[in-house]
Structures are given as structure tokens and as C-alpha cells.
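Encoded as C-alpha cells, here's the structure I'll be asking about.
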Amino acid sequence: ENVMVKAFEKLIEMEEYGGKYNSITPDHPNFVDEAGYQKLVDDHIMFKDMSKDPYLMSAGIGKDWPHGRGCYVSEDQQFIIWVGEEDHLRIMCMKKGSVLNEVFDRLEKALGVVSGIEGIEFASSDSYGMVTSCPTNLGTGMRASVHVPLPNLTSDGTDVKAKAIAKPLGLSVRGVGGEHTPIGADGTVDISPSSRLFIKEGEIIEALYKGLQALMAQENPGASAAEEGAAEPSNDDGDTFAADLAKIAAVKESNPDNLACKHFDLDYFNSLDDAMKTRMIECARSGFENADSGVGAYAMQPDDYAALPKFMDPLIREYHKASPDAVHVNDWTVSGTFNLTELGLPDLSMRVRVGRNLKSFPLPGAMTQEQRCEMENVMVKAFEKLIEMEEYGGKYNSITPDHPNFVDEAGYQKLVDDHIMFKDMSKDPYLMSAGIGKDWPHGRGCYVSEDQQFIIWVGEEDHLRIMCMKKGSVLNEVFDRLEKALGVVSGIEGIEFASSDSYGMVTSCPTNLGTGMRASVHVPLPNLTSDGTDVKAKAIAKPLGLSVRGVGGEHTPIGADGTVDISPSSRLFIKEGEIIEALYKGLQALMAEESA
């Protein structure tokens with residue numbers, strides 16, 4: 001500390017950096033008392049009591065508090081040096097302004113001044129650059145940040161969506177008071193590039209600017225490129241599509257695995273008329289408004305896959321790992337009986353579902369509220385036929401206000417809690433960008449058979465999600481019941497499902513095209529999940545063409561007894577009968593590993 005006090009004498013003499021040093025070392029000539037120290041902390045100038053941090057205490061960094069600690073502060077309070085924190089020095093510049101270079105340049109100059117003072121030589125490594133106590137800060141040792149209001153991305157009162165978008169951009173998001181602190185009341189968050197090592201200082205500032213550019217495109221999806229401060233190349237359509245094309249270009253660069261943006265070809269786009277350009281933009285919207293999307297494309301009309309082949313087809317074939325000439329064939333023929341007891345398994349929860357859309361309506365992403373309710377009412381008439389049938393008889397539950405079959409909030413929540421009904425789609429940013437979650441809860445509901453083993457969701461990601469489930473041992477039972485139910489529903493007057501000559505059954509999301517089917521079982525794998533995770537099960541299942549997830553769905557935990565949800569990954573360019581066979585054969589191989 002005293003070595004630095006002598007160095008600070010040089011800074012005090014300089015107009016640009018002149019100020020004073022505040023020490024919290026008892027009896028130090030520059031000592032500030034507890035009240036003075038607390039004011040510096042409250043003003044976000046000084047660091048907090050390190051002796052209260054168990055990690056820093058274990059590392060020895062927080063010991064001997066408060067000896068050898070203090071901070072140098074310039075007169076304008078925009079240049080600060082912490083002494084004796086996690087590193088010997090934390091040197092920082094801050095300013096409220098609009099040009100990032102200003103604080104960057106001032107810090108570079110200040111570092112030159114400090115390191116040029118006699119007796120001051122910073123520790124460095126030939127391999128890792130500037131040496132820091134914690135390996136996470138090696139290299140530049142730099143953290144460059146801005147406090148930026150994101151009221152739209154934080155409209156739910158959290159930074160969850162902002163973090164989801166920022167992470168693929170290489171940005172960290174935290175509260176305005178630092179890590180683990182809340183966001184500002186107006187949605188202000190602290191944004192900074194995550195990288196410190198194997199990146200140049202200048203590149204960090206560039207990364208911050210480019211990341212902010214892409215992040216603001218998500219914050220203001222309706223803003224023009226000029227409003228975002230983005231100087232994008234002009235295109236043939238003037239400003240009509242400029243803002244959206246700028247966002248697509250930014251996401252294509254920041255998130256190369258986002259398929260919607262990856263396969264958005266500008267030459268193809270410019271070859272279309274305005275009506276088709278609008279359709280292509282809307283199909284890609286969820287992808288460019290949610291940069292971390294894996295696919296990001298949703299069809300808006302049943303014929304979008306045929307109408308936009310140079311956009312949709314490459315995307316579909318990359319996702320499904322299909323050859324250029326593959327054509328889907330629907331076929332429910334099964335080669336035998338698949339009895340799980342032959343694999344040494346007890347009765348399991350078995351479920352098969354398919355997505356279907358009515359040919360006579362736009363897909364959910366392009367529907368108006370009136371069309372959603374009209375489609376629901378078409379299905380209510382069809383359900384009257386099911387109610388008359390002993391095997392499928394039950395009731396329809398609507399959450400459309402004032403609907404004759406309306407169930408109130410408590411009734412709806414019970415259906416959700418019982419895993420019968422889907423959750424509030426308006427809370428899903430991806431589905432909202434796609435238009436699928438709009439007009440909630442209008443036109444939404446579910447038909448449930450008396451035995452609760454046959455369910456039809458209405459108005460979710462597809463017009464219909466039709467499913468059968470049962471606890472048993474013969475996979476064919478739920479498969480055959482679903483096939484028969486589909487025949488009944490599609491045979492009702494006025495019901496015709498949308499299909500494609502190339503891709504089979506049409507679904508909103510390209511990932512579900514073809515069969516639209518997901519067949520799954522809940523199976524206990526206590527040995528493969530003995531570490532409390534599904535990591536080993538996933539590693540074994542993936543080469544078998546199987547997906548593994550928690551019993552409550554994707555991103556949910558495995559069961560306490562090691563039970564997981566197993567399903568074949570394929571939907572397209574595979575026959576329905578082959579999916580059931582793939583599930584059985586995959587389980588057979590998986591159980592061999594479980595019992596090994």
C-alpha cells in the first residue's frame with residue numbers, strides 16, 4: 001500500500017488524474033474512518049469488507065482486513081484505483097456518455113502513467129498475459145461494461161430473457177450493483193463481454209459494441225436500423241424490410257448455428273415479391289428476435305414449406321440430417337408386437353402424440369383471435385362425435401372467456417398440474433415472436449376422455465396435439481389406439497389435415513414435420529443415473545437415436561429413482577411404424593447397458 005501511496009503522489013500532480021487516496025488501514029496517514037469508508041462503499045467507489053467472503057478468506061485474499069486496503073479517487077470520481085482487493089490493484093475508468101473509446105483511451109493512458117512510475121512493474125506471463133489472482137481474469141484482466149436499460153427484455157421483472165439472448169453473443173448480464181444483485185427498476189442491467197484471456201484489449205471494446213448492437217435489435221424488434229445506430233447495407237426494398245434484415249445479418253454473425261438466420265439467403269429474398277418477402281420474414285422472425293434459437297423458423301401458412309423452398313428446404317434437411325432427395329412417407333404398419341416385459345421391464349408409462357393442423361386455417365403463428373376461436377368451435381363440433389363413442393367419450397375444456405365449455409383459472413391450473421393441459425404460451429418468448437402464443441387464452445383448450453388416456457390439445461403450437469397414454473407393457477396398445485383415433489377425427493366432416501408431398505404432415509415447427517410424432521416411455525435407469533444426472537444415459541442413448549429428458553419434460557429433473565423419459569429423436573423421413581420399432585430396439589440396447 002505504501003509503495004502505491006508514493007506512486008499516487010505522481011497522479012495527484014496531474015490535472016487529468018489528480019485526486020486523493022483513502023486508506024482504511026488503522027493509523028495510516030490517509031485513513032478514513034468507518035463512516036467515510038461506508039460512504040465510499042455506498043457511492044460504489046470502494047469495495048466491500050472482504051473478510052465476510054468465505055471464498056476469498058479460504059484463498060487468503062480476505063485475510064488481515066482492513067490492513068493494506070484503500071482506494072485512489074480522482075477529483076471527477078471517474079478514475080479509481082482499488083488497493084489490496086482480489087488483485088493488488090484494480091484500475092478503472094467510468095463515465096456517463098456515448099463513446100466507448102473515451103473511457104477505454106483514458107484507462108490505457110492511466111496504465112501507462114502508473115506502470116511508468118519508478119518501482120512499479122506489473123507481473124505478466126509469456127503464455128497468459130497479465131497475471132491475476134484468479135485464472136478467470138488472466139490475459140487482459142479487463143472488464144468493460146455499460147449500464148443499459150432493457151425494459152422489453154426485462155418486462156417480467158427478471159434478466160432471464162436478456163441473459164438467454166446475451167450469452168450466445170459472448171456477453172454477461174448482471175444487476176446494476178454487481179453479480180447477484182437485482183436489475184434496475186427501469187430494467188437497467190450491467191452488460192459486459194465475458195472474455196478476458198486470449199483476446200486483445202481492443203477486441204473487448206469492439207465485442208461490447210457489436211454485442212450491444214445485436215442485443216438492442218432484440219430489445220427493439222420494431223425499431224429501424226437508423227434508430228439502432230446500425231449502418232447496414234442498403235437493399236432493394238428501401239426501408240420496408242431494412243430493420244429486420246439488419247437483425248438477421250447480426251444474428252447470422254453472432255449465432256451461426258441459428259438455422260433460420262443461417263439459411264436466410266438475401267439473393268433469394270430479393271427475388272421474391274413483397275408479399276412473399278413478408279411471409280419469409282415472418283417465418284424467420286422468432287429466430288432473429290431470439291438469437292439463441294436452434295432452429296428459429298416457424299411456418300405461418302400450411303403451404304409455406306412449398307412456397308419458400310429455397311429457405312425452408314435447406315433448413316429442414318440440415319436439421320433432420322437428410323439427403324437432398326429424401327421424400328417423406330407416412331405408414332403406420334408395425335412389424336410385430338413390442339412387449340416391454342421381454343426386456344425385463346415392469347409396466348411403464350407409455351405415451352404417443354402427434355401434431356396436426358387443419359388445412360382450412362392459417363397455422364397458429366398467423367391466426368387472428370377470431371380465427372383461433374373459429375377453429376376451436378370447428379373442433380368442438382368434431383368432439384361431439386367423440387363424446388358419443390365409448391372408447392373416446394369424455395369432455396372438452398375451454399379456457400376461452402365466455403365459451404360454453406369454459407373452465408375457470410382453478411380448473412385450468414388443475415389440468416396443468418395433472419399434466420393434461422399445456423401451460424400459458426404467452427410467457428414463452430419464442431412462441432410469442434412466432435405469433436403462436438398471441439391472443440392467449442382465446443381458442444385454447446383440451447379434450448379429455450373419461451379414462452384420461454386420450455387427450456387432444458387445441459390451439460397450442462399446432463392446431464391439434466393428439467395423444468394417447470397408458471401404463472402398460474405393450475407399446476402397440478397406445479400406438480394402435482392413436483392410429484384409430486386419428487382415423488376417427490380425420491373422418492369427421494369438415495376436418496382435413498394439412499400435408500406436404502415432400503414432408504408429410506405439416507406442423508408449425510420444421511422439427512416436427514413428417515410424422516409429427518413423439519413416442520416415449522418413462523423408464524427407471526438407476527445404474528446409468530447413479531450420479532444423480534442423466535449425463536451417462538444421454539451419452540449412450542444419443543447414438544441409438546434416442547432422446548433423454550426429465551419426467552416432467554425438457555429441462556426438468558430425472559425422477560428420484562432414476563426414471564427418465566426416453567423417445568426416438570426422428571420425426572421426418574421415417575415411418576410411424578418405424579418410430580415404435582426404434583423405441584423398442586433402442587430400449588433393448590439401453591437396458592443392456594443399464595444391466596451390464
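The values are calculated or read from the model by the stated rules, or taken from the named source; none is laboratory data. A quick note: this is a predicted structure, and the numbers were derived from the prediction, not measured. Here the Cβ positions follow ideal geometry from the backbone for every residue, glycine too, while neighbour counts run over all protein chains shown. Quick note on the areas: whole protein, heavy atoms, side chains included, nothing else; ligands and nucleic acids left out. Shrake-Rupley method; radii C 1.70, N 1.55, O 1.52, S 1.80 Å.
Using only the alpha-carbon atoms, what does the range 95-160 span along each of its principal axes? Please give whole angstrom values in decreasing order.
51, 28, 16 Å, listed from the longest principal axis down.
Arrange the peptides 307-314, 57-64 so that the one whose residues have, on average, the most other Cβ atoms within 10 Å appears first.
Descending packing order for the listed peptides: 307-314, 57-64.
Which order do the peptides 285-291, 29-35, 103-109 come out in when sorted by mean C-beta neighbours inside 10 angstrom, highest first?
Highest-to-lowest ranking by the protection proxy: 285-291, 103-109, 29-35.
I want to verify the translational diffusion coefficient of the range 38-81 in µm²/s; compute it with Stokes-Einstein, Rh as the Kirkwood radius over Cα pairs, at 20 °C and 1.002 mPa s.
In µm²/s, the coefficient rounds to 186.
Largest first, please: the extent of the C-alpha atoms of the range 259-304 along each principal axis, to the nearest Å.
The Cα atoms of the range 259-304 stretch 29, 24, 14 Å along their principal axes.
Just to check I understand the Karplus step: with θ = phi - 60° and J = 6.51 cos²θ - 1.76 cosθ + 1.60, what whole-Hz values come out for the range 512-523, glycine and proline as x?
9, 4, x, 8, x, 9, 10, 10, 9, 9, 9, 10
Where the convex hull is taken over the Cα atoms of the range 356-508, what is its projected area averaged over directions, in nm²?
9.6 nm²
Which whole-percent values make up P(r) of the range 439-596 when all C-alpha to C-alpha distances are grouped in 5 Å steps starting at zero?
2, 8, 15, 19, 20, 16, 11, 6, 3, 1, 0
What list of ³J(HN,Hα) couplings, whole Hz, do you get for the range 74-85 from phi and the Karplus terms 6.51, -1.76, 1.60, once you set θ to phi - 60° and write x for glycine and proline?
6, 4, 7, 6, 10, 9, 9, 10, 7, 10, x, 8
I've got another one for you. Using every Cα-Cα pair within the range 143-222, state what percent have a distance larger than 21 Å.
21 percent
Still on this structure, please answer the following. Explain nothing, just the number: relative contact order of the chain, from Cα pairs under 8 Å at least 6 residues apart, as a whole percent.
Contact order relative to length: 10 percent.
Another question, then. Tell me which residues come under 5 Å, amide H to amide H, from residue 397 once H is placed; ignore anything under 5 positions away on its chain.
Amide H neighbours of residue 397: 446, 447, 448.
Taking the chain as the reference, fit the longest principal axis to its C-alpha atoms, fit the long axis of helix 2-12 to the helix C-alpha atoms, and give the angle between the two in degrees, 0 to 90, nearest 10.
With both axes taken from Cα atoms, the answer is about 90 degrees.
In whole Å, what are the Cα extents of the range 240-337 along the three principal axes, biggest one first?
Result for the range 240-337: principal-axis Cα extents of 55, 28, 21 Å.
Could you state the per residue volume, in Å³, of the convex hull enclosing the Cα atoms of the range 1-128?
Value for the range 1-128: 139 Å³ per residue.
Enumerate the whole-percent occupancy of each 10 Å bin, from 0 to the last occupied one, for all C-alpha pair distances of the range 77-208.
It works out to 11, 37, 36, 13, 3, 0, in whole percents.
Compactness ratio of the chain: Cα Rg over 2.2 N^0.38 Å, N = residue count?
1.20
Pairing the Cα long axis of helix 100-115 with the longest principal axis of the chain, what angle in degrees results, from 0 to 90 and rounded to the nearest 10?
Its long axis makes an angle of about 40 degrees.
Which order do 499, 192, 473, 569 take by accessible area at a 1.4 Å probe, largest first?
Output order, biggest surface exposure first: 499, 569, 473, 192.
Would you kindly calculate the translational diffusion coefficient of the range 520-596, applying Stokes-Einstein with the Kirkwood radius from alpha carbon pairs, for 4 °C and a viscosity of 1.567 mPa s, and quote it in µm² s⁻¹ without decimals?
105 µm²/s
Report, by chain and number, residues whose modeled amide H sits under 5 Å from the one on residue 171, excluding near sequence neighbours (fewer than 5 apart, same chain).
194
Could you sort 442, 88 by their accessible area in this structure, using a 1.4 Å probe and putting the largest first?
So, going from the largest accessible area down, we get 88, 442.
Another one. Expressed as an acute angle from 0 to 90° and rounded to the nearest 10, what is the orientation of the C-alpha long axis of helix 309-319 relative to the principal long axis of the chain?
80 degrees
Tell me, Kirkwood radius of the range 73-132 from alpha-carbon pair distances, in Å?
It is 13.0 Å.
At 0.36 nm per residue, minus the direct Cα-Cα distance, what do residue 426 and residue 522 gain on full extension? Give it in nm, one decimal, please.
Length difference between fully extended and current span is 31.7 nm.
Quick one: Karplus J couplings for the range 138-154, per residue in order, coefficients 6.51, -1.76, 1.60, θ = phi - 60°, nearest Hz, x for Gly and Pro?
Values per residue, Gly and Pro as x: 4, x, 8, x, 9, 10, 10, 9, 9, 9, 10, x, 10, x, 6, 6, 10 Hz.
Remind me, what semi-axes does the range 412-473 give for its equivalent ellipsoid, largest first in whole Å, using sqrt of 5 times each Cα gyration tensor eigenvalue?
Output for the range 412-473: semi-axes of 24, 11, 11 Å.
I want to verify the translational diffusion coefficient of the range 329-413 in µm²/s; compute it with Stokes-Einstein, Rh as the Kirkwood radius over Cα pairs, at 10 °C and 1.306 mPa s.
94 µm²/s
Can you show me the helix-derived [θ] at 222 nm for the chain, built from DSSP H runs with n ≥ 4 at -39,500 (n - 2.57) apiece and divided by the number of residues, rounded to the nearest 500.
For the chain, the value works out to -10000 deg cm²/dmol.
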